[in-house]
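The next block holds one structure in the form of structure tokens; read it before the comments.
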Amino acid sequence: MPLRFTLRQLEYFVAVGEAGSIAKAAEQVNVSPPSISASIAQLEAEFGIQLFVRKHSHGLSLTAGGRVFLKEAARILADADALHAVAGDISDRVRGPLTVGCLLTFAQIVLPSLRRKFELAHPDVRIRQFERNQGQLFEMLQRGEIDLALTYDLELSQDMAFEPLVQLPPYVMLPAHHRLSDRRSIELEELVDEPMVLLDLPFSREYFLSVFHGKGLRPNIGERTGDIAVMRSMVANGFGYGIANMRPLNTMSPDGKPLSFVALGGGARSLTMGVAVPAAEYRTQTTQAFIDHCRIFMGEQGVFGLEPVDG
């Protein structure tokens, strides 16, 4: 029996299902709302099911059947996209879709420039990006929702491979006029009585606390936040010090106040920033090209003034 629906119709349906609105979906896929409405109506007619409940003031909601249909439609589109990777490997070209995840704590510093340079070098690649915390990135990798993740070497599972890029030792972030701000390095023992603004993210939180616990110390946690930019502003406004591994490219907090960055002494373990991918014998040329690009990018940029890790 010949197919009476198209991949394009499925693409429009998935866009609406994820956006919850025809107008938002139209912006994402760059087509007119009437075209999307017509495609959804054709799918509903072809399969004899109602995919959405239409609410005049609140957009669209998927029906129970629509949610099942959305999952399968997304799988079919992913399988179709995989053909681009196969074709690219056969033709020795880097092309097709690539879904990239990046750790929230350094996405704003690394990802935009890294991605732009890669897309200029490989115009046939279509990138989608997601900024998430470490736990979310690992879950997305395991579910196959992203192809790779720029992240740290924290709590990697056996079903992941990790390509190291650069070593990032911890540093102390202080208000510019703090009594310790002019030091070359600071020992942990000098911080235990100071209030700490903890970057409270999965895996990152445990790493920062382990820096103290490894020396039998307990930090004085005064504030917690899951946003690195908020942490910088809280430190700049005197709520305490912070510890991080990814240093910003300037010494100003997001709200325009000066900060100081001092090396953390005591031999605390550095983090390795790199690319996590599913552990598999087969890796597409597009994925490998992106990993190679990351390595070159880190070396050429001299990112954060640190030495890249030899691959």
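The values are calculated or read from the model by the stated rules, or taken from the named source; none is laboratory data. This one's a predicted model, so the numbers in the text were calculated from it and none came from an experiment. Cβ: placed from backbone, ideal geometry, glycine included. Neighbour counts: every protein chain shown. Note: accessible area is taken over every heavy atom of the protein model, side chains too, but ligands, DNA and RNA are not part of it. Shrake-Rupley method; radii C 1.70, N 1.55, O 1.52, S 1.80 Å.
Taken as a whole, the structure leaves Ser35 outside the set of residues that are under 27 Å from the mean Cα position of the chain (by Cα) and of a type in the set (Ser, Thr, Tyr). Would you check if there is a residue in the range 142-155 being part of a helix (DSSP H, G or I) and within 30 Å of Leu83 (Cα to Cα)? Yes, because at least one residue in the range 142-155 is part of a helix (DSSP H, G or I) and within 30 Å of Leu83 (Cα to Cα). Taking the criterion of being within 26 Å of the chain's Cα centre (by Cα) and in a loop (DSSP other than H, G, I, E, B), the residues of the range 18-32 that qualify are Gly20, Ser21, Asn30.
Residues in the range 191-231 that are surrounded by 15 or more Cβ atoms within 10 Å (Cβ to Cβ) and among the acidic types (Asp, Glu): Glu194, Asp200, Glu223, Asp227. Restricting the range 1-17 to residues that are open to solvent by 60 Å² or more (accessible area, probe 1.4 Å) and in contact (Cβ under 8 Å) with a residue 40 or more places away in the chain, the residue that is farthest from the chain's Cα centre (by Cα) is Arg4.
Looking across the range 167-193, the residues that are in a loop (DSSP other than H, G, I, E, B) and within 17 Å of Ser233 (Cα to Cα) come down to Ala176, His177, His178, Ser181.
Please find, among Pro254, Pro248, the residue that is crowded, with 19+ Cβ neighbours inside 10 Å and out of contact with any strand residue (DSSP E or B) (no Cβ under 6 Å at 6 or more places or on another chain). Result of the check over Pro254, Pro248: Pro248. Candidates Ile243, Ile186: the one that is farther than 20 Å from Thr105 by Cβ and surrounded by 20 or more Cβ atoms within 10 Å (Cβ to Cβ) is Ile186. Only one entry of Val235, Val303, Val309 meets the criterion of being at pLDDT below 85 and buried (at least 20 other Cβ atoms within 10 Å of the Cβ), and that entry is Val303.
Please specify each residue of the range 257-282 satisfying the condition of being within 19 Å of Leu180 (Cβ to Cβ) and in contact with a strand residue (DSSP E or B) (Cβ under 8 Å, 6 or more places away or on another chain). Spell out the reasoning first.
Kept after step one, since they are within 19 Å of Leu180 (Cβ to Cβ), are these residues of the range 257-282: 257-268.
Result: Lys257, Pro258, Leu259, Ser260, Phe261, Val262, Ala263, Leu264, Gly265.
Can you spot a residue in the range 214-234 that is among the polar types (S, T, N, Q) and either in a helix (DSSP H, G or I) or touching a helix residue (DSSP H, G or I) at 6+ places or on another chain (Cβ under 8 Å) (or both)? Looking for residues that are among the polar types (S, T, N, Q) and either in a helix (DSSP H, G or I) or touching a helix residue (DSSP H, G or I) at 6+ places or on another chain (Cβ under 8 Å) (or both), one finds at least one in the range 214-234, hence yes.
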